[in-house]
Amino acid sequence: MALDRIEKLVEKYFEAETSIAEEKELKEYFASSNVAQHLEQYKPLFGYTVQAKQEQFTATIPLNTKKRKSVVWLSVAASVAVLMGVGFFTFNHLNPPKSNDLGTYDDPEVAFKETQKALAMISEHVNKGIGSMNYLSEYEQSKNKIFKK
């Protein structure tokens with residue numbers, strides 16, 4: 001009767017329908033010395049778990065705790081960049097320039113002459129820009145000759 005039950009449990013096991021208690025019963029049966037000869041082929045399958053429980057990992061794992069030099073240098077560079085940014089900010093924003101010279105003039109004649117100089121310089125640069133625009137008109141004429149409308 002017990003052999004018949006074990007055979008049914010083996011069938012249920014391979015159909016994935018056994019409970020934990022039934023699997024425990026199978027393990028106990030196959031761990032014993034009186035296993036039926038036609039069920040001997042399943043003994044390693046159920047005996048493996050008993051053997052696996054007894055195994056222990058005894059080797060030591062060496063841990064490599066050395067840091068890479070590039071990571072160290074990268075962190076140093078980041079720290080320097082942050083410190084320089086903070087220093088630049090504090091230097092420029094917390095210590096404003098003490099000079100009140102904002103380009104103002106007390107004498108109207110001097111102011112007029114400086115304004116004339118500035119406008120002459122602007123006029124010179126604008127004239128250079130307009131001169132280079134002549135090339136665009138030549139380009140337009142050449143394009144119109146090639147691609148007649």
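The values are calculated or read from the model by the stated rules, or taken from the named source; none is laboratory data. These numbers were taken from a predicted model, which means no experiment stands behind them. Positions of Cβ are generated from backbone atoms using ideal geometry, with glycine treated the same way; all protein chains shown enter the neighbour counts. Just so you know, the surface numbers come from the protein's heavy atoms only, side chains and all, with ligands and any DNA or RNA stripped out. Shrake-Rupley method; radii C 1.70, N 1.55, O 1.52, S 1.80 Å.
Overview of results
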quantity: The chain: DSSP helices with Cα axial extent of at least 30 Å and average Kyte-Doolittle hydropathy no lower than 0.0; calculated: 69-94
quantity: Solvent-accessible area, 1.4 Å probe, carbon plus sulfur percent, for the chain; calculated: 60 percent
quantity: Furthest towards positive pole of dipole, Thr58, Tyr42, Ser70, structure part the chain, Cβ charges; calculated: Ser70
quantity: Surface accessible to a 1.4 Å probe, Glu40 within the full protein complex, Å²; calculated: 80 Å²
quantity: Percent RCO, i.e. relative contact order, over the chain, from Cα pairs under 8 Å lying at least 6 residues apart; calculated: 10 percent
quantity: Residues of the chain: accessible area per residue with a 1.4 Å probe, Å²; calculated: 93 Å²
quantity: Mean ellipticity per residue at 222 nm, deg cm²/dmol - from DSSP H runs of n ≥ 4 across the chain, formula -39500 (n - 2.57); calculated: -23500 deg cm²/dmol
